[in-house]
Amino acid sequence: MSRAQTALSDATPTSDFDVERIRGDFPILSRTVNGKPLVYLDNAATSQKPAVVIDTIKSYYESSNANIHRGVHHLSVKATEAYERARATMQRFLGAARPEELVFVRGTTEAINLVAQTWVRANLDRGDEIVISHLEHHSNIVPWQLLCEQTGAVLKIAPINDAGELMLDDFEKLLNEKTKFVSMAHVSNALGTINPVRQIVDLAHACGAKIMLDGAQAAPHLAINVRDLDCDFYTITGHKMFAPTGIGILYGKHDLLEAMPPYQGGGEMILSVTFEKTVYNKVPHKFEAGTPHIAGAIGLGAAAEYVMEIGLDAIASHEHELLAYGTEKLLEIQGVTLIGTAREKAAILSFTIEGVHPHDVGTILDQEGIAVRTGHHCAQPTMERYGITATTRASLALYNTRQDIDALAVGVRKVIEVFG
Ligand SMILES: Cc1ncc(COP(=O)(O)O)c(C=O)c1O
């Protein structure tokens, strides 16, 4: 179990984690905003990019740019090698058995829609059930609603408790012979809850369902091993793990990917085309129609190498200590309520301030150079569970420091002064 998965009270500072050196890897962190040093606490929305990722993309365009897979010329071969090398890196990052189990997609949203419209749609009858939880991002709700409208399947919602933890017993009660598919966040973007995913996978499999885990918020913070998790599908999105936007990964067990119909038709996903019959390409290319985001994939590989070199356990440990510190600092302030107090939590501090709209909180913090997110965080049902419409969310990453938390606490006190 990683340090981030232990109780908050266990947190101790880590001495071997050189956060100042890491900050030096991210050029944007040295800029100012509104005349103040940038304090970037909006990592759950998107993370900043280290120089190694920016340089890898620049170097690709300067020295190897070409379309992949179809060319015999030097640049095409180089670009293809770099793209497939990135897939192999992501295989290591996710602990998958083979590179063919990784499909490059635009991001988590596309991966969930892809699985919904291929494996699940092909295996669903009217009246069958799909289970998600009350913690999901809209991208893990709406694709299932669309599918249910198209097929007559029924969407079931596993509840959460007041701390924002999945109620496992109630989840288990929802599972039955009609349950065909379960799709759950590994880590909640709105509250930071880390779900007990291995138990969830076992429960889903015990009733004969397949399961997908949405790892958008897990990948930058926790070591992931899809084989240990035994999930059928797993998805991550590059831009939240220090890579470019527009690129992500869908992992699927090989036999499932093989059995699935294609998602989109076009070039690259075929072996041969005649007007009478088209033969599809082998996996993963069957799911990569059209020219992919080649530079993005290569950038994602560079980001994964960067993170693996620092070590996800070291990152989790650093963030865990910051989360404990931030929790303490915010709770010292009268009028602040933390939304999401799960025992197993990633580095997200979602909170409300009595009598102040989160939008005003965000605006005043911005004047101090502090970037946080305010709103429903694309998780309106989660907000509704707490009887609120929005929170202010400070989400941390490996480059954040205790000074960032101190700045946040000072900013929050200022908000209360202004509106108090
Ligand atoms: C838990 C979770 N799932 C899915 C997504 C969607 O990711 P993307 O917009 O990169 O597809 C997000 C983005 O915030 C998220 O936090």
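The values are calculated or read from the model by the stated rules, or taken from the named source; none is laboratory data. Note that the structure is predicted; figures quoted are calculated from it, not measured. We place every Cβ from the backbone using ideal geometry, glycine too, and count neighbours over all the protein chains shown. Ligands, DNA and RNA are excluded from the accessible area calculation, which covers all protein heavy atoms including side chains. Shrake-Rupley method; radii C 1.70, N 1.55, O 1.52, S 1.80 Å.
Hey, among 250, 222, which residue is of a type in the set (A, V, I, L, M) and more than 12 Å from the ligand (Cβ to nearest atom)?
Working: 250 fails: more than 12 Å from the ligand (Cβ to nearest atom).
Answer to the selection: 222.
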Within the range 331-347, which residues are out of contact with any Phe, Trp or Tyr (no Cβ under 6 Å at 6 or more places or on another chain) and open to solvent by less than 20 Å² (accessible area, probe 1.4 Å)? 333, 340, 342, 345, 346, 347
Restricting attention to the range 106-130, and to residues there that are more than 16 Å from the ligand (Cβ to nearest atom) and open to solvent by less than 10 Å² (accessible area, probe 1.4 Å), which single residue is nearest to residue 174 (Cα to Cα)? 130
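So which residues in the range 167-184 are open to solvent by 20 Å² or more (accessible area, probe 1.4 Å) and either within 16 Å of the ligand (Cβ to nearest atom) or among the charged types (D, E, K, R) (or both), if there are any at all? First the steps, then the outcome.
At the first step, the residues of the range 167-184 found to be open to solvent by 20 Å² or more (accessible area, probe 1.4 Å) are 167-170, 172-178, 180.
Residues satisfying the conditions are 169, 170, 172, 173, 177, 178, 180.
Being modelled with pLDDT of 95 or more, over 16 Å from residue 105 (Cβ atoms) and open to solvent by 40 Å² or more (accessible area, probe 1.4 Å): is that true of residue 307 here?
On the way: modelled with pLDDT of 95 or more: yes; over 16 Å from residue 105 (Cβ atoms): yes; open to solvent by 40 Å² or more (accessible area, probe 1.4 Å): no.
So residue 307 does not fit the description; no.
Can you tell me which residues in the range 138-160 are of a type in the set (A, V, I, L, M, F, W, C) and either free of Cβ contacts under 8 Å to residues at least 12 places away in the same chain or away from the ligand (no atom under 15 Å from the Cβ) (or both)? Spell out how you get there, then give the answer.
Our first condition is that a residue be of a type in the set (A, V, I, L, M, F, W, C); within the range 138-160, this holds for 141-142, 144, 146-148, 153-155, 157-158, 160.
Across the range 138-160, the qualifying residues are 142, 146, 147, 148, 153, 154, 155, 157, 158.
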Please go through the range 85-100 and give me each residue that is open to solvent by 10 Å² or more (accessible area, probe 1.4 Å) and more than 18 Å from the chain's Cα centre (by Cα), ordered by number. 85, 88, 97, 98, 99, 100
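Show me the helices (runs of 4 or more DSSP H) found entirely inside the range 276-391 where at least 3 residues are in contact with a helix residue (DSSP H, G or I) (Cβ under 6 Å, 6 or more places away or on another chain) and among the aliphatic types (A, V, I, L, M).
On the way: elements: 294-310, 312-331, 358-367, 380-385.
Counting at least 3 such residues, we get 294-310, 358-367.
Tally time: how many residues in the range 246-262 are more than 19 Å from residue 289 (Cβ to Cβ) and surrounded by 16 or more Cβ atoms within 10 Å (Cβ to Cβ)?
Initial filter on the range 246-262 (more than 19 Å from residue 289 (Cβ to Cβ)): 253-255.
Checking which are surrounded by 16 or more Cβ atoms within 10 Å (Cβ to Cβ) leaves us with 253.
Result for the range 246-262: 1.
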Sort out which residues of the range 107-130 are under 24 Å from residue 194 (Cα atoms) and under 19 Å from the mean Cα position of the chain (by Cα), and write them in order of number. 107, 108, 109, 110, 111, 112, 113, 115, 116
List the residue pairs whose Cβ atoms are under 8 Å apart, where the first residue sits in the range 300-315 and is under 14 Å from residue 221 (Cα atoms), the second is of a type in the set (Lys, Arg) and not in a helix (DSSP H, G or I), and the two are 6 or more positions apart or on different chains. 303/49
